[in-house]
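The values are calculated or read from the model by the stated rules, or taken from the named source; none is laboratory data. This one's a predicted model, so the numbers in the text were calculated from it and none came from an experiment. Note that each Cβ is placed from the backbone with ideal geometry, even for glycine, and that neighbours are counted across all protein chains shown.
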Ligand SMILES: NC(=O)c1ccc[n+]([C@@H]2O[C@H](COP(=O)([O-])OP(=O)(O)OC[C@H]3O[C@@H](n4cnc5c(N)ncnc54)[C@H](OP(=O)(O)O)[C@@H]3O)[C@@H](O)[C@H]2O)c1
């Protein structure tokens, strides 16, 4: 039975990943800021990805385990609709700490259990709005830049660890009906996660370090 660890499993896309993998018979390790918010299957651990002690404590709790799949899903949008001359730099810092440094911290802390597993996969939930090539509308400086930077950091990670068999993927979940995506988003979390699971399932070494949509299409950087 493979094992998956999911960050931000309290709600939205993370909760749906936990539900679907549990239904499929995987062992699920959920990580949430407040473990009391998790109502799915499997075990739950406290994790605030912006807090080095919290990330280290999770790493210690699962040291010696084999984690086939790590899904770095936790993320925030930050303040919306700020023009370039009214940016909130404290908020920008917090978004970078959550969306960029958080997943990298978690990846470093859990690399041992992932590398000890059979599948050795690390997935990072990015966003198409982090694609420079796809940016035709401007704005969203804070969120966009956090995901663009995540893409670059994960690309380096994939190159640095490919010789050890690690498979990294950057995935865009689609525009999804969650607290972040809002009610008018195009797809529900069930559809998004089912699509991403298919992409993850068939990913091999040749896909490592690449950026895919939830439907399997590759996205431009
Ligand atoms: N929804 C979309 O349309 C969409 C599109 C593109 C990309 N994404 C990405 O998909 C991922 C999931 O988004 P979502 O739509 O499911 O958002 P969501 O419904 O707002 O859920 C966000 C999750 O991240 C957790 N989280 C936030 N800050 C955290 C921290 N410091 N430490 C640990 N957990 C933290 C939240 O925990 P709490 O419950 O404790 O707040 C929650 O579980 C994010 O990375 C997001 O950027 C979403």
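The table that follows gives values for the structure above.
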| item | result |
| --- | --- |
| Failed condition for residue 146, given (1) away from the ligand (no atom under 12 Å from the Cβ); (2) not in a loop (DSSP other than H, G, I, E, B) | (1) |
| Single residue of region 34-50 satisfying the filter (outside any loop (DSSP other than H, G, I, E, B) and touching a strand residue (DSSP E or B) at 6+ places or on another chain (Cβ under 8 Å)) that is farthest from the ligand (Cβ to nearest atom) | 43 |
| Tally of residues being over 13 Å from residue 109 (Cβ atoms) and in a loop (DSSP other than H, G, I, E, B) across region 51-95 | 16 |
| Criterion violated by residue 24 - all others in (1) surrounded by fewer than 22 Cβ atoms within 10 Å (Cβ to Cβ); (2) within 14 Å of the ligand (Cβ to nearest atom); (3) within 20 Å of residue 203 (Cα to Cα) satisfied | (2) |
| Index of the failed condition, residue 153 passing every other in (1) surrounded by fewer than 21 Cβ atoms within 10 Å (Cβ to Cβ); (2) assigned to a loop (DSSP other than H, G, I, E, B) | (2) |
| Boolean, residue 31 is within 9 Å of the ligand (Cβ to nearest atom), modelled with pLDDT of 95 or more and closer than 17 Å to residue 180 by Cβ | no |
| Evaluation of residue 136 against (1) closer than 21 Å to residue 181 by Cα; (2) surrounded by fewer than 14 Cβ atoms within 10 Å (Cβ to Cβ); (3) within 19 Å of the chain's Cα centre (by Cα) (one fails), failing number | (3) |
| Residue that is surrounded by the fewest Cβ atoms within 10 Å (Cβ to Cβ) [pool: residues in region 38-51 that are touching a residue at least 24 places away in the same chain (Cβ under 8 Å) and closer than 16 Å to residue 75 by Cα] | 50 |
| Residue within region 187-205 that is part of a loop (DSSP other than H, G, I, E, B), within 8 Å of the ligand (Cβ to nearest atom) and either without any contact (Cβ under 8 Å) to a residue 60 or more places away in the chain or surrounded by 22 or more Cβ atoms within 10 Å (Cβ to Cβ) (or both) present | no |
| Residue pairs meeting the criteria (Cβ under 8 Å; at least 6 apart or on separate chains; first under 19 Å from residue 150 (Cα atoms) and touching a residue at least 24 places away in the same chain (Cβ under 8 Å), in region 70-88; second more than 13 Å from the ligand (Cβ to nearest atom) and outside any helix (DSSP H, G or I)) | 70/4; 70/121; 70/122; 71/4; 72/122; 78/88; 79/88 |
| Index of the failed condition, residue 166 passing every other in (1) in contact with a helix residue (DSSP H, G or I) (Cβ under 7 Å, 6 or more places away or on another chain); (2) within 10 Å of the ligand (Cβ to nearest atom) | (2) |
| Cβ pairs under 8 Å, 6+ apart, first in region 122-141 and in contact (Cβ under 8 Å) with a residue 40 or more places away in the chain and at positive phi, second surrounded by fewer than 19 Cβ atoms within 10 Å (Cβ to Cβ) and not in a strand (DSSP E or B) | 139/81; 139/83; 140/80 |
| Restricting region 1-21 to residues that are within 9 Å of the ligand (Cβ to nearest atom) and assigned to a loop (DSSP other than H, G, I, E, B), the residue that is nearest to the chain's Cα centre (by Cα) | 8 |
